[in-house]
Amino acid sequence: MDQILIADDDRVVLFTLAEGLREAGFDVIEARDGLQALELCVAEAPALALLDIRMPGLDGLELARRLRDETTVPFLFFSAYGDEDFVRRAVEFGAIGYLIKPLDVAAMVPTIRTALARAREISGLQGALASNRTIATAVGMLMQAEGLDQAAAFDRLRQQARSQRRKLEDVARTLVEHGPGLKA
């Protein structure tokens, strides 16, 4: 069962979300402010953190920055604020998603399941890159040459390996040896 942290200073919202997500089959831990949420993420390493933007202690954006820099916990935001600046900043900090209040728990469940799946993909990508220097180098070369983020560059490399029916590491080695301008 996936553990989810919910961080919101509004006790009614926190209770409603926590109970609804428990009924949907999730293991839920709760935080009433950003500092408590950070402590719980460090101690518990939940599969996903749902963060309100405006909270005492650490606001949601600062909490997201700290989660990104200090943990591997993926996160998505929920907020009454949907303006472009908040959304842009959320994306810059690495948010997997952004939901606007008021929230319908039943409607949130597919978004949460999708975010969990995406977080697992990202974790797998990071593991593959960490364990294989050749693949990591090839991904870095694609990122620089084509202006891609890490996930998109890895996906491009993986698609190329599949289409050529070659091992990912072989395609990466060819790219590293001959440069990104050539077909790997």
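Among Arg11, Arg22, which is the only one that is surrounded by fewer than 16 Cβ atoms within 10 Å (Cβ to Cβ), modelled with pLDDT of 95 or more and either assigned by TED's automatic domain parsing to the domain that holds Ala106 or basic (Lys, Arg) (or both)?
On the way: Arg11 fails: modelled with pLDDT of 95 or more.
Arg22 is the lone residue from the list that is surrounded by fewer than 16 Cβ atoms within 10 Å (Cβ to Cβ), modelled with pLDDT of 95 or more and either assigned by TED's automatic domain parsing to the domain that holds Ala106 or basic (Lys, Arg) (or both).
Can we say Val105 is touching a residue at least 40 places away in the same chain (Cβ under 8 Å), in contact with a Cys (Cβ under 7 Å, 6 or more places away or on another chain) and β-branched (Val, Ile, Thr)? So that I can check it myself, show each step before the final result.
Numbers: touching a residue at least 40 places away in the same chain (Cβ under 8 Å): yes; in contact with a Cys (Cβ under 7 Å, 6 or more places away or on another chain): no; β-branched (Val, Ile, Thr): yes.
Criteria not met by Val105.
Taking the range 11-43 on its own, how many of its residues are in contact with a strand residue (DSSP E or B) (Cβ under 7 Å, 6 or more places away or on another chain) and either more than 20 Å from Arg118 (Cβ to Cβ) or not charged (D, E, K, R) (or both)? Give the derivation first.
Step one: list which residues in the range 11-43 are in contact with a strand residue (DSSP E or B) (Cβ under 7 Å, 6 or more places away or on another chain), which gives 14, 17-18, 21-22, 26-31, 34, 37, 40-41.
Within this subset, residues satisfying the condition of being either more than 20 Å from Arg118 (Cβ to Cβ) or not charged (D, E, K, R) (or both) are 14, 17-18, 21-22, 26, 28-31, 34, 37, 40-41.
Selection size over the range 11-43: 14.
Go through the range 1-28 and give me each residue that's out of contact with any Pro (no Cβ under 9 Å at 6 or more places or on another chain) and either free of Cβ contacts under 8 Å to residues at least 12 places away in the same chain or more than 19 Å from Pro74 (Cβ to Cβ) (or both).
Asp10, Arg11, Val12, Leu14, Phe15, Thr16, Glu19, Gly20, Arg22, Glu23
Which members of the range 72-102 meet the condition of being hydrophobic (A, V, I, L, M, F, W, C), at pLDDT 85 or above and in contact with a Phe, Trp or Tyr (Cβ under 9 Å, 6 or more places away or on another chain)?
In the first step, residues of the range 72-102 are kept if they are hydrophobic (A, V, I, L, M, F, W, C); the result is 73, 75-78, 80, 86-87, 90-91, 93, 95-96, 99-100.
Pick out the ones that are also at pLDDT 85 or above and you get 73, 75-78, 95-96, 99-100.
If the condition is that a residue be hydrophobic (A, V, I, L, M, F, W, C), at pLDDT 85 or above and in contact with a Phe, Trp or Tyr (Cβ under 9 Å, 6 or more places away or on another chain), then Phe75, Leu76, Phe77, Phe78, Ala95, Ile96, Leu99, Ile100 are the ones that fit.
Hey, any hits in the range 110-123 for a residue that's surrounded by 13 or more Cβ atoms within 10 Å (Cβ to Cβ), over 30 Å from Leu99 (Cα atoms) and modelled with pLDDT of 85 or more?
Checking the range 110-123: not a single residue is surrounded by 13 or more Cβ atoms within 10 Å (Cβ to Cβ), over 30 Å from Leu99 (Cα atoms) and modelled with pLDDT of 85 or more.
Would you check which residues across the range 1-48 are of a type in the set (Gly, Ala, Ser), in contact with a helix residue (DSSP H, G or I) (Cβ under 8 Å, 6 or more places away or on another chain) and under 20 Å from Arg66 (Cβ atoms) and list them?
Keep residues of the range 1-48 that are of a type in the set (Gly, Ala, Ser), which gives 7, 18, 20, 24-25, 31, 34, 37, 43, 45, 47.
From what is left, the residues that are in contact with a helix residue (DSSP H, G or I) (Cβ under 8 Å, 6 or more places away or on another chain) are 7, 20, 24, 31, 34, 37, 47.
Answer for the range 1-48, where residues must be of a type in the set (Gly, Ala, Ser), in contact with a helix residue (DSSP H, G or I) (Cβ under 8 Å, 6 or more places away or on another chain) and under 20 Å from Arg66 (Cβ atoms): Ala7, Ala31, Gly34, Ala37, Ala47.
Looking at the range 132-171, which of the residues that are of a type outside the set (A, V, I, L, M, F, W, C), outside any helix (DSSP H, G or I) and within 19 Å of Glu121 (Cβ to Cβ) is farthest from the chain's Cα centre (by Cα)? Before the answer, list the steps.
To start, the set of residues in the range 132-171 that are of a type outside the set (A, V, I, L, M, F, W, C) comprises 132-134, 137, 140, 144, 146-147, 149-150, 155-156, 158-160, 162-167, 169-170.
Then drop every residue that is not outside any helix (DSSP H, G or I), which leaves 132, 147, 149, 165-167.
Now narrow it down to the ones that are within 19 Å of Glu121 (Cβ to Cβ): 132, 149.
On the way: Asn132: 22, Asp149: 13 Å.
It comes out as Asn132.
The values are calculated or read from the model by the stated rules, or taken from the named source; none is laboratory data. Only a predicted model underlies this, so the values are computations on that prediction, with no experimental measurement involved. Glycine gets a Cβ as well: all are built from the backbone with ideal geometry, and neighbour counts include every protein chain shown.
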